[in-house]
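> Below: one structure in structure tokens.
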Amino acid sequence: MQIYNELSAMSDQALADLLRQPVPGSDTGAISQCKEVAWALMQHGEAGVAMLHDQIHHANTAQLVGIIFALTHPHPGKPLPQESLLAWLGDARDVVVAEAIDGLSRTGSIDQADRVLQLKTHSSPWVRGSVVRFAGQLEPAQARPLWLAALADPHFIVRENAVDEIGDHPFRQALAGLQPLLADEHADVRLATQTAIESIHAMEPDPPA
């Protein structure tokens, strides 16, 4: 939360008013701002959480993403219904779908894995990347094939997410897929790949057969 220190000094009503202000576009900057404000409002306890719930049906894209982000972290007050997150999986806005998937991840909704994994071929790289992240809470037999396939995704965001997940859950069978990404066109992918390979090499040796 980059500007959280400034927002933490504001009253819950001032934060709610700020969140309600129209934020042009749904780009990274607008979404980051709304996440900051929604997070700060959530810190005001049940009153702030209630204000976030009140804003859901009046929110534009960036505001809704910020509200989903805040309400899918542990908080006092009314929880965000899982049914709402599942409904947003069919939203036409890719950033809303992606945040709903991340929300299901944060709330440990493993029972919804089938619904989420259906989106692994979604047209948006942001959605595909969120599916890759969601797989981090699944059994290795489900997650690993998805991560290996995502290493060859045409969008660097998805490749980087897959590499990050493999780095966090290393397994030796990933080395062959990771090696080509040491020469990826995107520096972030190259750096993440080096870290993931180091994590694999740091694993305990496989026990003798």
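> Per residue, what accessible area does the range 32-153 have, given a 1.4 Å probe and all protein chains present, in Å²?
42 Å²
> Return the calculated 222 nm mean residue ellipticity for the chain, to the nearest 500 deg cm²/dmol, obtained by summing -39500 (n - 2.57) across DSSP H runs with n ≥ 4 and dividing by the residue count.
Result for the chain: -17500 deg cm²/dmol, rounded to the nearest 500.
> Using a probe of 1.4 angstrom, how much of the accessible area of the chain is carbon and sulfur, in percent?
54 percent
> On to the next question. Assuming a ≥ b ≥ c are the square roots of the Cα gyration tensor eigenvalues, decide whether the range 158-209 counts as rounded (a/c under 1.5), prolate (otherwise, with a/b larger than b/c) or oblate.
Prolate, since a/c reaches 1.5 and a/b exceeds b/c.
> Compute the relative contact order of the chain as a whole-number percentage, counting only Cα pairs closer than 8 Å that sit 6 or more residues apart in sequence.
This gives 12 percent for the chain.
> A further question on this structure: Given the options ALA14, ALA40, ALA70, state which has the largest fluctuation in a GNM of the chain using a 10 Å cut-off (strictly under) for Cα springs.
Checking each option, the largest mean-square fluctuation is seen for ALA14.
> Rounded, prolate or oblate: which one fits the range 101-209, using the alpha carbon gyration tensor with axes a ≥ b ≥ c (rounded when a/c is under 1.5, else prolate when a/b beats b/c, else oblate)?
oblate
> Work out how much length ILE200 to HIS155 would gain on full extension: take 0.36 nm times their residue separation and subtract the Cα-Cα distance, in nm to one decimal.
Here the segment from ILE200 to HIS155 would lengthen by 13.8 nm.
> Could you pull the Cα extents of the chain along its three principal axes, largest to smallest, in whole Å?
62, 34, 32
> Okay, moving on. When a/c is below 1.5 the answer is rounded, else prolate if a/b is larger than b/c, else oblate, so apply that to the range 45-84 with a ≥ b ≥ c taken from the square roots of the Cα gyration tensor eigenvalues.
prolate
> Can you tell me the Rg and Dmax of the range 13-78, counting just the alpha carbons, in angstroms?
Rg and Dmax of the range 13-78, Cα atoms, are 10.4, 30 Å.
The values are calculated or read from the model by the stated rules, or taken from the named source; none is laboratory data. Being a predicted model, the structure only gives us computed values, none of them experimental. Accessible surface is based on the protein model in full, side chains and every heavy atom, while ligands, DNA and RNA are left aside. Shrake-Rupley method; radii C 1.70, N 1.55, O 1.52, S 1.80 Å.
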